[in-house]
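**Student:** Mind looking over this structure? Questions follow.
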Amino acid sequence: MSKITTDDGVQLHVEETGSGTPIVFVHEFAGDHRSWEPQMRYFAHSYRSVAYSARGWPPSDVPDDLSKYSQDRACDDIRAVMDGLGIDKAHIVGLSMGGFATLHFGLNYPERALSLTVAGCGYGAEKDRNEQFRGEADHWAGKLRADGMAAYAEIYAHGPTRVQFENKDARGFEEFKDMLKEHSAEGSAFTQLGVQKERPSLYDLEDRLRQVTTPMLVVTGDEDWPCLLPNVYLKQVVPTAALFVMPNSGHTINLEEPAMFNRALHDFISQVDAGRWPVRDPRAVSSSITGVK
């Protein structure tokens, strides 16, 4: 494990294992570097596997300034981790909050990404729900500061896209919830206000998304309702994107179905490394239903 210092002076806790082509794992809001343990163990057999805790998530620093938290900061922290470890290019894998950071990393630093795995990326993205999501970010920030992390975790962990995990793996779910209780209420509140609330909608990025040339795997659970349609949208507009939908699954997919997630990710990365990942054939996109010209 090591500490990497970002360009704005924030220290990030980083762990790595294995050797070979690098994979950088970027965690979700309710997770931390430990959330990727099933992937770190699996991919360390063949890859240099890296996970880190975001700013605001101990043992990384918890800045007490809201301006230190933004979507751009989250994106640039991936670069800082890579720079600090001497990694020029890597496969970037992110879930939810980490999926948004991964997507923005691909837009801002395409020369640094071998591939992009964008999982569970879509909360608040739909234009007709954007203001609702912003209001909920304010709500959760207030709850975090008023009630503390443990009380917050008891509510947030049992949300509508987490119950699938609880129903499948009660022991794993309790471990996930216990880890969530250990997070910083202040860091989480700042992240709700600075990152979650203020990030741009995916639908406002369409022109840039259509220009993506980096191989992309979009992953969602089929009961992760806030992400399902936005992930179909990413498939539609990103010419290098494939969509993998995990059946009967919610939001915490890398922990809820680790074997399925690992197989899909390994197959994707293997194809990319072999130079066999395609760009969509333009003939596959047509205004006709059956191919009538």
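Nothing in this text is a laboratory measurement; each read-out follows from the coordinates by a stated rule. These numbers come from a predicted model, not from an experiment. Note: ideal-geometry Cβ built from the backbone for every residue, glycine included; neighbour counts use all protein chains shown.
**Student:** Multiply the residue separation of Arg276 and Ser46 by 0.36 nm, subtract the distance between their alpha-carbon atoms, and state the gained length in nm to one decimal. Walk me through the intermediate numbers first.
**Tutor:** On the way: separation 230, 0.36 × 230 = 82.80 nm, distance 1.88 nm.
So the chain would gain 80.9 nm between Arg276 and Ser46.
**Student:** For the stretch 198-274, what does the alpha-carbon gyration tensor say about shape, rounded, prolate or oblate, given a ≥ b ≥ c as the root eigenvalues, a/c under 1.5 as rounded, and a/b over b/c as prolate? Walk me through the intermediate numbers first.
**Tutor:** Details: a/c = 2.38, a/b = 1.18, b/c = 2.01.
Oblate is the answer for the stretch 198-274, as a/c is 1.5 or above yet b/c matches or exceeds a/b.
**Student:** Next up: When the chain is fully extended, how far beyond the present Cα-Cα distance does Thr5 get from Thr17, taking 0.36 nm per residue of separation?
**Tutor:** Working: separation 12, 0.36 × 12 = 4.32 nm, distance 1.98 nm.
Extending this stretch completely gives an extra 2.3 nm.
**Student:** According to a simple spin-label model (label point 7 Å from Cα along Cα-to-Cβ), what is the distance in nm between Asp267 and Thr290?
**Tutor:** Output for this residue pair reads 3.1 nm.
**Student:** Using 0.36 nm times the number of residues separating Glu182 and Ala146, minus their current alpha carbon distance, what extension gain do you get? Numbers along the way, then the final one.
**Tutor:** On the way: separation 36, 0.36 × 36 = 12.96 nm, distance 1.63 nm.
Going from the current span to full extension adds 11.3 nm.
**Student:** Another question, if that's okay. Could you derive backbone 3J(HN,Hα) for the stretch 219-236 from the dihedral phi with the Karplus parameters 6.51, -1.76 and 1.60 (θ = phi - 60°), listing whole Hz in sequence and x where the residue is Gly or Pro?
**Tutor:** Listing the rounded values in order: 10, 8, x, 7, 10, 8, 4, x, 9, 4, 5, x, 6, 4, 4, 4, 4, 5 Hz.
**Student:** For the stretch 160-217, state the average projected area of the convex hull of the C-alpha atoms over all orientations, rounded to one decimal in nm². Walk me through the numbers before you get to the answer.
**Tutor:** Details: hull surface 25.8 nm².
Taking a quarter of the hull surface, the average projection is 6.5 nm².
**Student:** Related question: Name the residues of the stretch 132-149 whose amide N is less than 20 Å from a point 7 angstrom out from the Cα of Glu198 along the C-beta direction?
**Tutor:** It comes to 132-145, nothing else.
**Student:** Follow-up question, since we're still on this one. Can you figure out the FRET efficiency of Leu243 with Glu154, using R₀ = 30 Å and their beta-carbon distance, to the nearest 0.05? Please report the intermediate quantities before stating the final value.
**Tutor:** Details: r = 33 Å, r/R0 = 1.11.
The formula returns an efficiency of 0.35 here.
**Student:** A further question follows. Give me the count of lysine pairs in the stretch 13-278 whose alpha carbons sit under 29 angstrom apart, restricted to pairs 8 or more positions apart or on different chains.
**Tutor:** 20
**Student:** Report, largest value first, the span of the C-alpha coordinates of the stretch 1-91 along each principal axis, in whole Å.
**Tutor:** 40, 27, 21
**Student:** Could I ask something else about it? Looking at the chain only, what percent of DSSP beta bridges run antiparallel? Nearest 5 please.
**Tutor:** Numbers: 8 of 33 bridges.
Once the DSSP bridges in the chain are tallied, antiparallel ones form about 25 percent.
**Student:** For the stretch 13-278, what D do you get in µm² per second when you plug the Kirkwood radius from alpha-carbon pairs into Stokes-Einstein at 37 °C and 0.692 mPa s? Let's see the in-between values first.
**Tutor:** Details: Rh = 18.2 Å.
Translational D for this selection: 180 µm²/s.
**Student:** Tell me the relative contact order for the chain as a rounded percent, counting alpha carbon contacts under 8 Å between residues six or more apart. Please list the in-between numbers first.
**Tutor:** Values: 556 pairs, mean separation 53.7, N = 293.
So the answer I get is 18 percent.
**Student:** What trypsin sites (Lys or Arg not before Pro) does the stretch 142-242 have in DSSP loop regions with at most 11 other beta carbons within 10 Å? Numbers along the way, then the final one.
**Tutor:** Details: sites: Lys143, Arg145, Arg162, Lys168, Arg171, Lys177, Lys181, Lys197, Arg208, Arg210, Lys235; in loops: Arg162, Lys197, Arg210.
Loop-located and lightly packed - Arg210.
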